[in-house]
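Notes follow once the structure below has been shown.
The values are calculated or read from the model by the stated rules, or taken from the named source; none is laboratory data. In this text, all values refer to a predicted model and were calculated from it rather than measured experimentally. Note: ideal-geometry Cβ built from the backbone for every residue, glycine included; neighbour counts use all protein chains shown.
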Amino acid sequence: MIEDLSFSVRPGEFVCVVGPSGCGKTTLLRLLAGLLRPDAGEIRVDGTVVNGPPEDLGFVFQDHARALLPWRTAAKNVEFGLEAAGVPRRLRGPMVQDVLRRVHLPDVERLYPGQMSGGMQQRLQIARALVARPSILLMDEPFAALDALTRFALEDGLLEVWHELAPTVLFVTHDLDEAIYLADRVVVLRRNPANVVREVPVALERPRDQGRSRAQDEFVRLRFELFETIRSL
Amino acid sequence: MRSRVRAVVLGLGGVAVLVLGWALAAASGSVAGVPAPADVATALGGELTSDRLWSATAHTLLITLVATAIAAVLGVVIGAVVGMSPTMGRLLGSSINSLRFIPPVALIPVVLLVMGFGAGSEVTVAVFAAVWPVLLNVAAASESLRTRYDDLTRIARLSPLARLTKIFVPGAIPATVVGLRVGAALALILVIAVEMLAVPAGLGHEVRFAGDALQLPSMYAYIVWIGLLGVVVNTLINLAQRALPQRGALPAASR
Amino acid sequence: MTRVLRIGQALAVPLALLGLWELAAQAGWVNPVFVPAPSRIAEAGYDMLQDGGLLEATGETTVRALLGLLLAIVVAVPVGMLIGASRIADEVTRPSLEFFRAMPTVTVIPALMILVGIGHTLALVAIMFAAVWPILLGAVHGVRGIERTLVDVARVHRLGPVAATLKVRLPAALPGIVTGVRISLAIALVVALVAEMMTGNGGLGSLVIEARSRYRSADVFGIVVVMGVVGLLLNSGMVWLEKRAGLARIG
C-alpha cells in the first residue's frame, strides 16, 4: 500500500502527517516504530534500517484506555517506560515525578488509569513515552477521541513539553486545524499508492495560542490550502 | 470457511495425539490399571449395542432435564422477585447468600436420609445445584432492568403487566439462558455424583459398578461416554443460546 | 434506624424458617428421626466440635481442596498461557480441552481409585484433575483476549519475551485466569467431598457418610451446615483476594 515514500524531518522538528482516511498514516507510523515489517524493501531512519522497535523512541497510541496498563498506578505506568529502558530503580522516582509535573499531572501517582479521565490518561501516556527522554516521539492520532476543550489543553501541554525536552515529533492526525496549530511543517499523504503529495511549512510564530493563532490570516490560508489539496486527491 | 476447516483438522489432530499418547502409555505398561484405547473402544462398541448403556443414559439425561427444568422455573421466579422488588431482595438476600455456598454434594447425605435412594433424591440434589446460576443471573438482570428503565416506564406510563411483558421478560431472557447453561452442566455433574455415591441407577452407577467389578475397559468406556454426553449437552445449550435473537444482552452476573 | 431495619429484614426470613422447622420437628409434623429440630442439630454440632473430630475433618477437607486447587493453578497457568500465545496450539488443543471441561469430572474418581489407590493422594489428584480445566481455558482465553495495543506497547518498549510475559501478558490475562480459578474453587470443594464420601478416607465427606450410616441425623445436618460454612469462607477468601489484587480496576 505504501510505496517508495520518503520525507525528511529535522532533529527537534514538529511534523504533522495528514491525509484522507485509508492513506496509510497509521501504517507509516507503525512501520517507523518497527511494529510492522514492510512486505518488501526496507525502512530507514537516518540511514539505519529499522528492524523492530528502535531504542530512543517514544510512541503514543490513539487508544489511551487500552495502551495504559490498567493494573498499574499512574506512577507505575510511567515507570514502565524506564524499566523497559533499563534505568536503575533508584533513579526512576525523580524522573517519574519530573515528567508527570511537565505534563501537568501532579498528585495522580496513586490513581489507576481507570480512575482518570480520558484527557488525564492521554497525558499519562505522553509522560510514559517521554520519561526515558527519547529523541523521537511518534504519536498516532492521540487526541482524536477527546472532546474539543480537553483537546485544546492537551495540544498546548504537548507543545510545552516539546519545547522543554525538544524531541523530534511525528504526529499523525486527521484534523487539519490540529495539524496546523501544532506543526512546524504539515506533510500531506495520498492513497493508492500512498505518497507525499505536499509539504507545507507553517509560519505561525511560537508560542502558539489557541485563540490568537487560529484567528490569524496565515492559519486560515493554510487551512484552505490543505483542505483544497486533500479534496482534490 | 477455510479457517474453520483448518481448526477442525488441527483439533482432531490434537485428539489423535492424545489418544496415541494414551495407547503408548497403556502399551508400555508403565501405568498400571489403564486399559488400551482399542479395548475401551471395543467395550464402548459392545455397550452401544446393549440395553444397559442406553437405559442408563436415558435415566441420567431425563433426571438432568427434569432437574434443570425445575431449577429454571424456581430460579426465574425467585430471581425475578428478588431483582424486581428491593424489599424482597432485602428479605430473601440473606437466605440466598447463605444457602448458595453450600456445596450441592453436601446435600446428598441429607437428601438420602429424608428421601431415600430413589430418583427423587437425584432430582433434589441436582435442582439445588442448578438453581443458583439461574437465580443469580435473573436477579441481577431484573435489578439492572428495574433501575435502568425506571424513568422510561414512568414516562411511558406502563402498567405493571406491560412492564413485565415488555421490559422484564424480554430483557431477562439472555441472563436466564446464561444461567441455565451453567446450571444444566452442574445438574449433570450432580446427577452422576449421586448415582456414583448412592442411587443404583444411571451412568454414574454403571461407572462405579464397572470399577468395583474391575471391568476396566467397560469403566473407561462409560467415562468416555459421559464425557461425550457433557460435550453434547454443552453444545446443545450453546446452539440454543446462539439461536436467540442477538439483542443487546445485559451484562450477566458473574458470580 | 434504617440500619436496624435492614438487619431485621435480613434476619426475618431465615429466623422464621428456622422457627417453623423447629416447630414442625417438635410437634412431630415431620419425623424427627430423619429431620431433627434445629436445636438438636446445634446441640449435635456443638458436641462434635467439643470432641475435636469435626474441626479436624473440616481442616482436612479445606486443605485438600486448596492444595489441589493450588496444584491445578501451578500447572494450568503456564500451560494455558503457552497455548494461548499461539493460534496453532490453541486450535490443536481446543477440542480436547473443551472435552475435559465439559466432562463431568467426578466420573474419573472410580478410575483414579484404581490408578492411584484409596490413599490421601486420591482426593488430591481428583481435585487437581477436575480443577485444572477451567483455569487452563481461562488462561488461554485471557491470553487470546489481550488487546493488540497492549502487545504493541510491550513491543515499542523493547521488552524481551520473559519481561513481556511477566509485565504485560500475565497481568493482562489475569481476569480470565481468575474467572477460571473461581469456577475451579467450587469444583475443588465438590470433588474433595465426593472423593471423601466414596473412599471414606478422612475429611467432612467421610464424616457425613459415617454419621448417615449410623442414622445420626442431627450429626448429618450439622456436618452439612459446616460444609456450607467452608464453602462460604472459601468464597469470601477468594473475593477478598480479588479485591486485594485490585482486579476490580482491570475488569
Matching option when the condition is outside the structural domain of C:A130 (by TED's automatic domain parsing), within 27 Å of the chain's Cα centre (by Cα) and among the aliphatic types (A, V, I, L, M), among C:A16, C:A10: C:A10
Residues that are of a type outside the set (S, T, Y) and over 29 Å from C:L82 (Cα atoms): find the helices (runs of 4 or more DSSP H) completely inside region C:147-231 holding 3 or more of those. C:170-199, C:203-213
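Those residues that are β-branched (V, I, T) and without any contact (Cβ under 8 Å) to a residue 40 or more places away in the chain, I need them from region C:23-55; list them, please.
C:V30
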Filter result (among the hydroxyl-bearing types (S, T, Y) and assigned to a helix (DSSP H, G or I)) within region A:127-172: A:T150
Out of (1) surrounded by fewer than 17 Cβ atoms within 10 Å (Cβ to Cβ); (2) within 10 Å of chain C (Cβ to nearest Cβ); (3) of a type outside the set (K, R); (4) more than 17 Å from C:R158 (Cα to Cα), the one A:P106 does not meet is (2)
Could you check region C:90-115 and list, in sequence order, the residues that are free of Cβ contacts under 8 Å to residues at least 12 places away in the same chain and more than 9 Å from chain B (Cβ to nearest Cβ)? none
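For every residue, the table says whether it meets (1) over 24 Å from B:G120 (Cβ atoms); (2) within 11 Å of chain C (Cβ to nearest Cβ).
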site: B:G183; (1), (2): no, no
site: B:I189; (1), (2): no, yes
site: B:I192; (1), (2): no, yes
site: B:M196; (1), (2): no, yes
site: B:P200; (1), (2): no, no
site: B:L203; (1), (2): no, yes
site: B:R208; (1), (2): no, yes
site: B:D212; (1), (2): yes, yes
site: B:S218; (1), (2): yes, no
Go through (1) closer than 25 Å to C:P32 by Cβ; (2) within 12 Å of chain C (Cβ to nearest Cβ); (3) not hydrophobic (A, V, I, L, M, F, W, C) and name the single condition B:G89 misses. (1)
Checking the condition outside any helix (DSSP H, G or I), in the same structural domain as C:S206 (by TED's automatic domain parsing) and not aromatic (F, W, Y), which residue from C:I114, C:I118, C:I88 passes? C:I118
In this structure, is B:F117 surrounded by fewer than 22 Cβ atoms within 10 Å (Cβ to Cβ), closer than 28 Å to B:L190 by Cα, modelled with pLDDT under 90 and facing chain C (nearest Cβ under 8 Å)? no
Subset of region C:111-162 [among the β-branched types (V, I, T), touching a Gly at 6+ places or on another chain (Cβ under 7 Å) and at pLDDT below 90]: C:I114
Taking region C:116-157 and keeping only residues that are in contact with a helix residue (DSSP H, G or I) (Cβ under 6 Å, 6 or more places away or on another chain) and either within 14 Å of chain A (Cβ to nearest Cβ) or at positive phi (or both), one is left with C:G142, C:I146, C:E147, C:T149, C:L150, C:V153, C:A154, C:H157
Where a residue in region A:1-27 is in the same structural domain as A:V200 (by TED's automatic domain parsing) and part of a strand (DSSP E or B) and its partner, wherever it lies, is among the basic types (K, R) and modelled with pLDDT of 85 or more, with Cβ under 9 Å and at least six apart: A:F14/A:R185; A:V15/A:R185; A:C16/A:R185; A:V17/A:K25; A:V18/A:K25
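In the list C:R182, C:R212, which residue meets the criterion of being among the charged types (D, E, K, R), over 21 Å from C:L55 (Cβ atoms) and either surrounded by fewer than 23 Cβ atoms within 10 Å (Cβ to Cβ) or at the interface with chain B (Cβ under 10 Å from one of its Cβ atoms) (or both)? Walk me through it before giving the result.
Numbers: C:R212 fails: over 21 Å from C:L55 (Cβ atoms).
Checking each option against the conditions leaves just C:R182.
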Taking the conditions exactly as written (within 14 Å of chain C (Cβ to nearest Cβ), assigned to a helix (DSSP H, G or I) and more than 17 Å from C:V168 (Cα to Cα)), does A:Q122 satisfy them or not? yes
Filtering region B:15-43 for residues that are of a type in the set (S, T, N, Q) and in contact (Cβ under 8 Å) with a residue 60 or more places away in the chain leaves a count of 1
The one condition C:A218 fails out of (1) small (G, A, S); (2) in contact with a Pro (Cβ under 7 Å, 6 or more places away or on another chain); (3) facing another protein chain (nearest Cβ under 8 Å) is (3)
Pick from region A:44-57 the residues that are within 19 Å of A:V169 (Cβ to Cβ) and within 8 Å of chain C (Cβ to nearest Cβ): which of them is surrounded by the most Cβ atoms within 10 Å (Cβ to Cβ)? A:L57
Are there any pairs with C-beta distances below 7 angstrom linking a residue in region B:133-144 that is within 17 Å of B:L186 (Cβ to Cβ) to a residue that is outside any helix (DSSP H, G or I), with the two at least 6 apart or on different chains, and if so which? B:L136/B:A253; B:N137/B:A252; B:N137/B:A253
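A quick yes/no check of all residues on (1) without any contact (Cβ under 8 Å) to a residue 24 or more places away in the chain; (2) under 24 Å from the mean Cα position of the chain (by Cα); (3) closer than 25 Å to A:I126 by Cα:
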site	(1), (2), (3)
C:A130	no, yes, no
C:E147	no, no, yes
C:V153	yes, no, yes
C:P161	yes, no, yes
